[in-house]
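Structure record follows, encoded as structure tokens.
The values are calculated or read from the model by the stated rules, or taken from the named source; none is laboratory data. Worth saying up front: this structure is predicted, and the values here are computed from it rather than measured. Reconstructed Cβ throughout: ideal geometry from the backbone, glycine too, with neighbour counts over all protein chains shown. With ligands, DNA and RNA removed, areas are computed over all heavy atoms of the protein, side chains included. Shrake-Rupley method; radii C 1.70, N 1.55, O 1.52, S 1.80 Å.
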Amino acid sequence: MKEFLKPAIVLLAVCFVTVGIVSAVNDITKDRIAALEEEAKQEYMAKVLPAADSFETTVLNEKDAKFQATVLEVNKGSKGQEVEGCVYPVKTSGYGGDIVVVVGIDKSGAVSGVVVGDNNETPGVGREAAKPDFVNRFIGAREANLKVTKKGGNAANEIDALSGATVTSNALTRAVNAALNHYNEKGV
Amino acid sequence: MKGFKIIKNGILNENPIFRMVLGMCPTLAVTTSAENGLGMGLATTFCLVGSNMIISLLRRIIPDKVRIPAYITVIAGFVTIIELILKAFFPALDESLGLFIPLIVVNCIIMARAESFANRNPVWDSILDGIGMGIGFTVSLVLIGSVREILGAGSIFGKSFLTGEMKPILIFLLPPGGFMILGFLMALINKITNRTTPIRHCGSCPMNCVGRSCEKESVA
Amino acid sequence: MKEILIIIFATIFVENFVLSKFLGVCSFLGVSKDLSNSVGMSGAVIFVMTVASAVTWLVYTYILAPLDMMFLQTITFILVIAALVQLVEIVMKKTLPRLYKALGIYLPLITTTCAVLAVSILNIQRDYTFIKSIVFGFSAGVSYMVAILIFAGVRERLELCDVPECFKGFPISLVAAAFVSLAFMGFSGLFAG
């Protein structure tokens, strides 16, 4: 009996002490981590919808079958009492797996900004699509009928594809379409 | 003098990557830039030194039978601490290393040093061993990361040196480039030091052989 | 149903655990020396990954999440996996001696195969449901098997080659793995609309 007891007690003690120390570290860092996350979120929301200064989040997780994208949240942005627009984080699949695209739409119904979040796109190719050069091509769009062209199209609904990164360009366009679709159907 | 020898051993003679070939997964996965390599190396060093110290302190208390689960718990504790610290103070690094931070737990280097050094040496020596191994690991990661970054992104520690029409060779940032650069660097070091790196049979992780004669068994 | 199929094929080909995510590289290089060892090891990996996915998902969803102790994820998962591997070993030895004979010696290798812990963490990170977690765990195991079997074939050819002295052993295997990984890159973009 004794040779079972000692290892068990020692192991248990090691576990308890470890958990205790880790919990203490967690208590110290917890608030800071939460604050950082909140800050990062506020930052990208302010970037895509500069007019608003406070946001109200509703979790959605609504699938858009037409554009094969999932609208994750609606963040209603306002300044004082005035509603200024919405920010939609949208998940869609790119070249290297899922991408989260954050789309801001202002109160007139036009895209005010796009930011690309976590992604596994090819560095130097698909990842270039996250740069302002490309995402700014979406600004001002109103109808959920955007499409990617390779010929440098000029029509209002044509987005010039990033060379070599058609799949990523398509993914971003689908995400923006899904956000616009949601905005046009459900309003602010 | 002995302390210096222990540290030097970790960096040169028993370099965890180029000599012992331990911890291949983080080595290949996070070395897309020198900075990531440095971050991963330092995070691993922290866990290595901490767990070496604690395990050496407890080496007479922990019964032999339960030493592996006890080591795993201690190592996992340190890994969680560094995970929380990175999240709170270095969020950018946390994001780029991502999944590979919790995976430090299963990095064979830490378990290997616990088993083969810390549980039979005094505390101070074990700490030095952790530092030496940690530096060896970090230096190797930074080396691999720099080569991949220079070739694949055309920059050093994030500073681009490309001008005009020069284009970096992207493939070196992608998985195949990781395997290839490590292979070539290892061969180069072998060439210089006139050695070879044989593949040990039971997987390169020594943990696999811990407490079992896996070497013998898996041959059967 | 479609999502499940996408998980299966995306995990095996597009984000192959070994060749594009670098998970389980240690055992991949160590065990792929001959075909029969590779089959045994990958069988054991598939089994443990599937069971570990299910168990860690349950532990996280019904114990860690309600208690708000998510920060203990790493510690809990690795201990659960270690205990699970032991348990599987004991049970298999008693009830399925033939299977044990085939897979038994590989089981202890698995606790420290980072791929198993990675699967458990990814299940939580990606918000998979219970069913999807099991499917993901299984396909991750299969992706390991595909990689290791292909590579065992490459290694057998490599044995016959006259390789420069400094490349012998690990270096040439890594270079060979680079080409296998390059081939798998051809699958990327497969499931992007």
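How tilted is helix A:166-186 with respect to the longest principal axis of chain A? Cα atoms for both, answer in degrees (0 to 90, nearest 10). Tilt of helix A:166-186: around 80 degrees. Between B:K159 and B:L12, the modelled label-to-label distance comes to 3.0 nm, taking each label 7 Å out from Cα in the direction of the beta carbon. Label sites at C:D34 and B:L170, each approximated as a point 7 angstrom past Cα along Cα to Cβ, lie 4.3 nm apart. Comparing mean-square fluctuations of C:G153, C:G141, C:G24 from a GNM of chain C with C-alpha springs under 10 Å, the top value falls on C:G153. Going from the chain on its own to the full set of protein chains, the range B:67-83 has these residues losing 40 Å² or more of accessible surface (heavy atoms, 1.4 Å probe, no ligands, DNA or RNA): B:I72, B:T73, B:T80, B:I81. If you average the C-alpha positions of the range C:153-193 and of the range A:122-180 separately, how far apart do those two centres end up, in angstrom? When both Cα centres are located, 36 Å separates them. Ordering C:N123, C:N37, C:S53 by the projection of their Cα atoms onto the charge dipole of the range C:36-149, which places +1 on the Cβ of Lys and Arg and -1 on the Cβ of Asp and Glu, puts C:N37 at the extreme positive end. Charge dipole (Cα centre; +1 on Lys/Arg Cβ, -1 on Asp/Glu Cβ; no other charges) of the range B:78-126 amounts to roughly 120 debye. Report the label-to-label distance for A:T58 and C:I131 in nanometres (one decimal), using points 7 Å from each Cα along the Cα→Cβ vector. It works out to 2.9 nm between the two label points. Chains C and B together bury some 4300 Å² of accessible area, summed over both sides, with a 1.4 Å probe. Taking the dipole about the Cα centre of chain A, with the C-beta of Lys and Arg at +1 and of Asp and Glu at -1, give me whichever of A:V101, A:V17, A:A52 is farthest to the positive side. Toward the positive end, the furthest listed residue is A:V101. Here the Karplus relation 6.51 cos²θ - 1.76 cosθ + 1.60, evaluated at θ = phi - 60°, turns the backbone of the range B:21-28 into coupling constants of 6, 10, x, 5, 5, x, 4, 7 Hz, with x for every Gly and Pro. In chain B, taking the dipole from charged Cβ atoms about the Cα centre, the farthest positive-side position among B:V21, B:G164, B:A43 is held by B:V21. Pairs exceeding 30 Å between alpha-carbon atoms, taken from C:K2/C:K93; A:K91/A:K150; A:K47/B:K159; C:K2/C:K33; A:K6/C:K33: C:K2/C:K93; C:K2/C:K33; A:K6/C:K33. Excluding ligands, DNA and RNA, the accessible surface per residue across the range C:36-149 is 40 Å² with a 1.4 Å probe. The charge dipole of the protein assembly as shown, taken about its Cα centre with unit charges on the Cβ of Lys, Arg, Asp and Glu (plus for the first two, minus for the last two), comes to roughly 1720 debye. Whole-Hz Karplus values for the range A:25-36 come out as 4, 4, 4, 5, 8, 3, 5, 5, 4, 4, 5, 4 Hz, taken residue by residue from phi with 6.51 cos²θ - 1.76 cosθ + 1.60 and θ = phi - 60°; glycine and proline positions read x.
Accessible surface buried by the C/A pair amounts to about 1000 Å², both sides summed, 1.4 Å probe.
Rolling a 1.4 angstrom probe over the protein assembly as shown with all protein chains present gives an accessible area of which 63% lies on carbon and sulfur atoms.
Amide H to amide H distances under 5 Å link A:D64 with A:A69, A:T70, A:V71, where only residues 5 or more positions off or on other chains count and H is placed in the peptide plane. Helical runs (DSSP H, four residues minimum) scored at -39500 (n - 2.57) apiece and divided by the length of chain B put the mean residue ellipticity at 222 nm at -19500 deg cm²/dmol.
Its Cα centre serving as origin, the range A:49-186 has a Cβ charge dipole (Lys and Arg +1, Asp and Glu -1) of approximately 380 debye.
If you run the Gaussian network model on chain A, springs between alpha carbon atoms under 10 Å, then out of A:V167, A:V125, A:V25 the most flexible one is A:V25.
Helix C:73-95 and the longest principal axis of the Cα set of chain C meet at an angle near 80°.
Among the GluC sites (Glu not before Pro) in the range A:129-188, those placed in a DSSP loop whose Cβ has at most 13 other Cβ atoms within 10 Å are A:E143. With all protein chains kept in place, the per residue accessible area of chain A amounts to 52 square angstrom at a probe of 1.4 angstrom. For trypsin sites (Lys or Arg not before Pro), the sites in the range A:52-122 that DSSP calls loop and that have at most 14 other Cβ atoms within 10 Å are A:K66. Working note: Karplus 6.51/-1.76/1.60 with θ = phi - 60° gives the range C:114-126 the couplings 5, 4, 5, 5, 4, 4, 4, 5, 5, 3, 6, 4, 8 Hz, where Gly and Pro are set to x.
Contact residues in the range B:88-104 by the 10 Å² criterion (accessible area, 1.4 Å probe, full protein complex versus chain alone): B:A88, B:F89, B:P91, B:E95, B:L99, B:F100, B:P102, B:L103.
Taking B:T80, B:T138, B:T27 in turn, the Gaussian network model of chain B (Cα-Cα springs below 10 Å) assigns the largest fluctuation to B:T80.
Let's test the formula: R0 of 22 Å, r as the Cβ-Cβ distance of C:E156 and C:V91. What FRET efficiency results, to the nearest 0.05? Step by step, r from the Cβ atoms, then E = 0.05. Close amide H pairs (under 5 Å, H built 1.01 Å from N) link A:V90 with A:L72, A:V101, A:V102, A:V103, residues at least 5 positions away or on another chain.
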